[in-house]
Amino acid sequence: LHGRSGVVVATDYRNHLVLAAHQPIGDTGLGLVVKRDISEIYGPIRRQFERIVMFLALLLGFGLWMMRRRLGPLLRALENTRAQARASSARFEAAVESNLDAFFLLECLRDAAGQVTDLRYLLLNAGGEHMLQRPREDVIGHGMCELFPLLRGDGMLDDCIGVVASGEA
C-alpha cells in the first residue's frame with residue numbers, strides 16, 4: 001500500500017466486481033482492506049430505481065389514456081367544424097359561380113397611415129371575367145389600379161374606397 005489509503009474498484013478472486021477500501025495500520029507495514037460486492041452496494045438503489053421506473057411507466061400510460069380521453073371529443077369537434085367550413089365554402093363558391101351577375105370579392109390595400117390605396121381581387125365569378133374581359137387567373141391577387149390604371153383617374157377607385165369607408169353603396 002506504500003503507506004497510502006484509498007478506494008479502488010477491482011475484480012476479486014471470484015471474478016466479481018468489488019469496491020475495496022484500503023488503509024495502512026500505523027507504521028507496522030500492515031494494512032486493512034475492506035471490500036464489498038458492487039451488486040450489494042447498488043442492489044437497494046437498483047430496486048428503488050426499478051420501482052420508480054415502473055411507477056413512471058404506469059403514470060405515463062395513465063396520462064396518455066387521459067389525454068386521449070379528453071382530446072378525442074375535441075378533435076372530433078374540430079374535424080366536424082372543418083367539414084362544416086368546407087361544406088359552407090363549397091356552397092358559397094357554388095352560389096357565386098351560379099350567379100348571373102358579375103361577382104367580385106376585394107381586399108383593401110392600405111398605406112402606412114391606414115388609408116386605402118388600392119383594392120386587390122380575391123375572387124370573381126364567370127360574370128366578373130366577362131365584365132373585365134380577362135381570365136380570373138390573370139386578375140386574382142392583383143390590385144385594381146395595377147390591372148386598370150385608368151380607374152384612378154375616372155373616380156371609380158374613389159367610389160369603391162368611399163363604399164369601404166362608409167359601408168354603404
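Computed quantities for the displayed model
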item	result
Complete set of residues in the range 83-118 that are part of a loop (DSSP other than H, G, I, E, B), among the aliphatic types (A, V, I, L, M), loosely packed, with under 11 Cβ neighbours inside 10 Å and over 32 Å from the mean Cα position of the chain (by Cα)	Leu100, Ala113
So Phe49, is it farther than 30 Å from Leu132 by Cα, surrounded by 10 or more Cβ atoms within 10 Å (Cβ to Cβ) and over 28 Å from the mean Cα position of the chain (by Cα)	yes
Residue within the range 49-65 that is in contact with a His (Cβ under 7 Å, 6 or more places away or on another chain) and farther than 30 Å from His142 by Cβ present	no
The lone exception for Asp154 - which of (1) touching a Cys at 6+ places or on another chain (Cβ under 8 Å); (2) exposed (fewer than 12 other Cβ atoms within 10 Å of the Cβ) it fails	(1)
Yes/no for Gly72 being at positive phi, open to solvent by less than 90 Å² (accessible area, probe 1.4 Å) and within 37 Å of the chain's Cα centre (by Cα)	no
Subset tally (residues that are open to solvent by less than 90 Å² (accessible area, probe 1.4 Å), out of contact with any Asp or Glu (no Cβ under 8 Å at 6 or more places or on another chain) and assigned to a strand (DSSP E or B)) for the range 1-18	4
Subset of the range 119-140 (residues that are open to solvent by less than 60 Å² (accessible area, probe 1.4 Å) and in a helix (DSSP H, G or I))	Ala126, Gly127, Gly128, Glu129, Leu132, Arg136, Val139
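For (1) in contact with a Gly (Cβ under 8 Å, 6 or more places away or on another chain); (2) modelled with pLDDT under 90, each residue gets a yes or a no:
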| site | (1), (2) |
| --- | --- |
| Ile25 | yes, yes |
| Lys35 | no, no |
| Pro44 | no, yes |
| Leu60 | no, no |
| Trp65 | no, no |
| Ala95 | no, no |
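The values are calculated or read from the model by the stated rules, or taken from the named source; none is laboratory data. This one's a predicted model, so the numbers in the text were calculated from it and none came from an experiment. Positions of Cβ are backbone-derived with ideal geometry, glycine not excepted, and every protein chain shown enters the neighbour counts. All accessible areas refer to the heavy atoms of the entire protein, side chains included, with ligands and DNA or RNA removed. Shrake-Rupley method; radii C 1.70, N 1.55, O 1.52, S 1.80 Å.
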